[in-house]
Amino acid sequence: AKGVRFQTDALVAALASSVAEQPGALPLLSFALAELWQRRDLERGVIPAAALEAIGGVAGGLARHADAVIGALGPAERIAARRIALRLVTADDTRAERDRGELCPDEDPAAAAALEAMIRGRLVAARHTAAGPPVYELAHDSLITAWSTLQAWCEGAAGQRALRTRLAAAADDWHRLGRRRDALWNRAQLAEAAALDELSGGDRAFLAASRAAARDRRIARIALAASLPAVAVATALVLQHRGRAARDREIAAHLAAADPQLAAGQRARDAARRDRGEAFRRFDAARDDAEPTWRAALAALATARAGYDAAARELELALLSDTTRDDVRARMAAALDELATLAELAGDPRARDELVGRLAAFDTGGQRTAAWNAPAALAIAAPGAARIAVRGYADRDGRLELGPTIAHADRPRLDVALPAGSYAVELTGGDGLIVHDPVQLARGEAMRLDVPLPRAADVPPGLVYVPAGRFLTGDASGNDDYRVNFLAAAPLHPVTTAAYLIGRTEVTFGDWIAYLRALSPAEREARRPRGSSIGGITLRLDGGGPGEPFTLVIQPGVSPLVAREGEPLVYAGRTARREIRWETAPVSGISFDDARAYAAWLARAGRVPGARLCTEREWERAARGADGRIWAHGNRIDPDDANLDVTYHRDVLSWGPDPVGAHPASTSPFGLVDTVGNVWEWVEPAPSPTPGAHEATVRGGSWFQGNASAQAANREQSSAEIHSSLYGLRICATPR
């Protein structure tokens with residue numbers, strides 16, 4: 001019906017055999033076909049044979065889609081989505097039905113948002129029942145068998161599944177019997193349940209009542225001992241001595257059980273730190289053995305957490321026998337301190353904060369707790385600065401927004417103590433140049449910023465100066481399958497860049513036309529934008545002469561959009577930004593080699609001295625600042641924050657580039673616009689390609705892809721020769 005065909009019969013055969021060989025594979029095939037349709041070649045009307053391999057086969061289409069849905073969520077919502085997915089899988093690896101209360105306990109906002117996103121993304125289905133409110137289940141069994149992320153979650157939770165089942169059954173019995181005290185758990189059962197997280201409201205209530213009952217029983221024993229008549233004092237002393245001896249033996253047994261666990265945890269912790277550091281070095285060097293080293297680090301980290309957790313349970317049992325033992329309390333504080341540190345290394349802030357909260361109850365001197373709240377010391381030296389100001393970022397429902405100025409100095413030096421967190425340093429030069437330098441401060445660290453300001457005259461118009469500094473690169477989702485297979489990114493870790501200049505906007509069609517008019521006729525034709533992918537774009541020169549007007553042609557559907565220089569481009573399907581001045585939209589349809597040639601021309605012509613393509617690290621730092629946020633403006637993105645597939649309701653007649661800067665909500669901490677969506681931007685891959693290499697990298701997403709593709713950590717590899725209607729560029733330069 002659309003005039004598109006499969007490139008080869010072998011591709012059709014491969015799709016058909018995937019269904020024949022795997023019962024219940026129709027949902028997988030449906031997702032795969034949708035992915036293949038997005039990768040069709042519009043100019044030739046062909047679905048390429050290589051596209052099936054590119055999406056990871058028939059099963060890969062569903063897995064990539066599911067990972068994209070989860071990856072587009074904020075950190076809290078991703079944690080909730082994992083809990084929801086696990087609740088929807090039975091112990092027999094089949095689909096389970098749950099009501100909303102079970103999936104969103106206490107109407108937790110993160111869980112509610114995650115559930116809505118999973119329904120919208122067709123991972124979860126809501127089924128209305130005659131008896132009352134709807135029940136929820138996974139959309140189809142293929143998610144359990146083909147979604148590797150869910151499989152990994154299930155494997156990780158398998159060790160706790162039996163305990164969770166026992167807890168759920170005990171909680172149900174307690175509620176059914178009218179919350180009778182004799183249905184509550186004892187100390188040993190409570191200690192075993194201490195390792196569980198992400199509990200339902202009913203389970204939490206049962207455990208809270210059990211803990212309260214255990215405390216009441218202990219208080220009752222103490223009260224009974226205090227009420228003994230005087231005539232029984234001698235007997236009581238004997239019994240007390242015997243009881244103390246028994247308690248001491250019991251405590252000694254728990255300490256003996258805790259010691260090897262503490263030792264094992266410490267050994268694994270040291271190995272995890274060593275392997276993490278080595279993995280990050282290998283990621284930064286683009287070595288093939290980085291991922292195995294990272295997996296070894298994760299395994300060691302899990303072993304360390306298990307060891308310290310087991311030791312903490314033994315120490316907790318010891319303290320239940322005698323809460324006055326300061327030596328046991330000190331060991332418990334040390335174990336919780338280590339567990340909190342390991343949770344922080346694992347990127348688990350919720351567990352870290354819970355453990356730090358527990359630590360305060362055992363940290364008699366308060367030194368360990370104080371260390372978790374220790375401020376950072378920030379020293380700024382900025383020769384040439386007339387003013388320095390510091391503002392903090394605050395999370396406003398997923399958006400990272402700047403607060404008021406919290407420290408400033410009308411001189412080139414500032415020393416300030418600040419809580420750990422994300423900050424924006426603004427430096428104003430004596431000649432009016434304003435430089436932004438975002439920083440992420442860790443607890444207790446001493447950071448020194450040396451920022452010699454350039455002269456305003458040395459920063460070309462339209463470019464932003466980025467000082468040398470540190471930032472967090474990579475992905476912090478904690479989902480390694482998603483990170484490797486979708487984002488192609490390293491785990492989140494700190495790196496540094498030297499100082500550089502970068503364009504505040506993407507290079508526009510107007511900029512490119514000026515470049516074309518400076519070229520010879522043959523070179524002009526070679527560098528003329530022409531994109532054959534989705535919404536094909538062509539820039540043609542009417543009349544052939546260098547002074548003749550250019551015309552832009554975009555093919556979003558059957559009828560092309562055509563506009564000459566000076567004429568508006570009109571999107572038939574839009575209500576917002578229906579008419580745009582297309583010369584201010586980002587250029588696309590250019591190859592990686594075209595982008596390099598343009599940068600060389602800028603440098604050669606003296607328009608931007610030292611002009612070049614940005615490196616991947618430079619692009620990412622300028623796009624996201626220092627704190628590892630998901631998008632330029634935070635960890636939540638709304639449809640009109642950037643030009644993405646949903647901005648204009650996925651209407652084919654509305655798809656296409658917007659003028660640069662049309663979506664200021666997603667401005668980056670350095671003041672860059674459109675690092676989210678609009679067009680992908682060519683960058684020099686890391687490491688830089690060797691002579692003759694044909695692979696290059698694009699960053700930032702486009703108007704055709706969703707917000708998961710537009711994440712700052714996402715990396716897409718592409719052929720250096722391809723002319724895509726989705727690929728443009730942003731210029732960098734080396735400062736003079």
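For the chain, what % of the accessible area comes from carbon and sulfur atoms, probe 1.4 Å?
Its accessible area is 54 percent carbon and sulfur atoms.
Would you work out the relative contact order for the range 88-212, in percent, from Cα pairs under 8 angstrom that are 6 or more residues apart?
Once normalised by length, the contact order is 21 percent.
Sort 702-714, 476-488, 96-108 for me by packing, meaning the mean count of neighbouring Cβ atoms within 10 Å per residue, highest on top.
In decreasing order of mean packing, 702-714, 476-488, 96-108 become 702-714, 476-488, 96-108.
Restricting to the chain, what percent of DSSP beta bridges are antiparallel, rounded to 5?
Of all bridge pairs located within the chain, approximately 85 percent are antiparallel.
Give me the 1.4 Å probe accessible area per residue for the chain, excluding ligands and nucleic acids, in Å².
Using a 1.4 Å probe on heavy atoms only, each residue of the chain averages 45 Å².
State, as an integer percentage, the relative contact order of the chain based on alpha-carbon contacts under 8 Å between residues 6 or more apart.
Contact order relative to length: 10 percent.
Where does each of 301-308, 354-361 land if you order them by average Cβ count within 10 Å, highest first?
301-308, 354-361
So what is the 222 nm mean residue ellipticity for the chain from helices alone, if each DSSP H run of at least 4 adds -39500 (n - 2.57) and you divide by all residues, rounding to the nearest 500 deg cm²/dmol?
Helix contribution divided over all residues of the chain: -13500 deg cm²/dmol.
Could you check the spin-label model distance between Ala1 and Asp182? Points 7 Å from the Cα along Cα→Cβ, value in nm.
Using points 7 Å along Cα→Cβ, the separation is 6.8 nm.
Counting other C-beta atoms within 10 Å, and keeping those with at most 13, which DSSP coil trypsin sites (Lys or Arg not before Pro) do you find in the range 604-713?
Within the range 604-713, the qualifying trypsin sites (Lys or Arg not before Pro) (loop, at most 13 other Cβ atoms within 10 Å) are Arg650.
By average Cβ neighbour count within 10 Å, what is the ranking of 593-601, 74-82, 317-325 from highest down?
My ranking of the peptides, most packed first, is 74-82, 593-601, 317-325.
Using square roots of five times the C-alpha gyration tensor eigenvalues, list the equivalent-ellipsoid semi-axes of the range 382-487 in whole Å, biggest first.
29, 19, 13
Would you mind calculating the relative contact order of the range 500-590 from Cα pairs under 8 angstrom and at least 6 residues apart, reporting the percent as a whole number?
Normalised by residue count, the contact order of the range 500-590 is 30 percent.
The values are calculated or read from the model by the stated rules, or taken from the named source; none is laboratory data. Computed from a predicted structure; not experimentally measured. Every residue, glycine among them, receives a Cβ derived from its backbone with ideal geometry; neighbour counts consider all protein chains shown. To get the accessible areas, we keep the full protein, side chains included, count just its heavy atoms, and leave off ligands, DNA and RNA. Shrake-Rupley method; radii C 1.70, N 1.55, O 1.52, S 1.80 Å.
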